[in-house]
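A.B. asks: I'd like to ask you about the structure that follows.
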Amino acid sequence: MVESVVDVVVDMVPLLMGPLIAWAGWDTLRRPDEVPHVASGGPPWTRRCWSVGFVLLGVTVTALGGFGLAGREEVWPVGLVRLIAVGLVVLSMGAAAVSRARKRRTPAGEPGVGAG
């Protein structure tokens, strides 16, 4: 089956970007203090979920490019893992945003939520 150059380039982008996404997640998993602002400010589990989600997302994006270059449909477990990874990333960003908002609204002299 002959593919056009555009199809090959479209399949190469995820194949090359996936390892970079996974590396970014792995790097922040090893150094949780260097997580980007969107995932920081919350409890430690938000940083871990963001990192693990990014590692899984990078691996599945790489697989997506590989399946595309092979001319095959992606198997359903890869899509399911990608969906779970996106859920982890979005959940951790949302929880970190809520935590940052609560910290901003709590006056300096008053105890925070759960103190007492």
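A.B. asks: Roll a 1.4 angstrom probe over the protein heavy atoms and tell me the percent of accessible area of the chain that is carbon or sulfur. Walk me through the numbers before you get to the answer.
C.D. replies: Numbers: 5310 of 7580 Å².
Here carbon and sulfur together make up 70 percent of the probe-accessible area.
A.B. asks: As I understand it, the dipole of the chain uses +1 on the Cβ of Lys and Arg and -1 on the Cβ of Asp and Glu, about the Cα centre. Which of P32, A85, V55 lies farthest toward its positive end?
C.D. replies: With unit charges placed on the Cβ atoms, the residue in question is P32.
A.B. asks: Ok, one more. Magnitude of the Cβ-charge dipole of the chain, K/R +1 and D/E -1, about the Cα centre, nearest 20 debye?
C.D. replies: On the way: 11 positive and 9 negative charges, 165 e Å.
Charge dipole of the chain: 800 debye, to the nearest 20.
A.B. asks: Please work out the average accessible area per residue across the chain, using the 1.4 Å probe convention, and give it in Å². The partial results should precede the final answer.
C.D. replies: Numbers: 7580 Å² over 116 residues.
Using a 1.4 Å probe on heavy atoms only, each residue of the chain averages 65 Å².
A.B. asks: By how many degrees, 0 to 90 and rounded to 10, does the Cα axis of helix 5-30 deviate from the longest principal axis of the chain?
C.D. replies: So the inclination is approximately 30 degrees.
A.B. asks: If you don't mind, another one. Rank-order 36-44, 59-67, 90-98, 75-83 by packing density, defined as the average count of other C-beta atoms within 10 Å over each peptide's residues, highest first. Provide the component values of the computation, followed by the final result.
C.D. replies: Working: 36-44: 15.8, 59-67: 19.7, 90-98: 17.6, 75-83: 12.7.
Highest to lowest by the protection proxy: 59-67, 90-98, 36-44, 75-83.
A.B. asks: For helix 44-70, report the angle its Cα long axis makes with the longest principal axis of the Cα atoms of the chain; keep it between 0 and 90° and round to the nearest 10°.
C.D. replies: Helix 44-70 sits at roughly 10 degrees to that axis.
The values are calculated or read from the model by the stated rules, or taken from the named source; none is laboratory data. Bear in mind that the values here come from a model prediction, so they are computed numbers and not experimental data. Counting neighbours? That spans all protein chains shown, and the Cβs are built from the backbone with ideal geometry, glycine included. Surface accessibility is based on the protein's heavy atoms, side chains included, excluding ligands, DNA and RNA. Shrake-Rupley method; radii C 1.70, N 1.55, O 1.52, S 1.80 Å.
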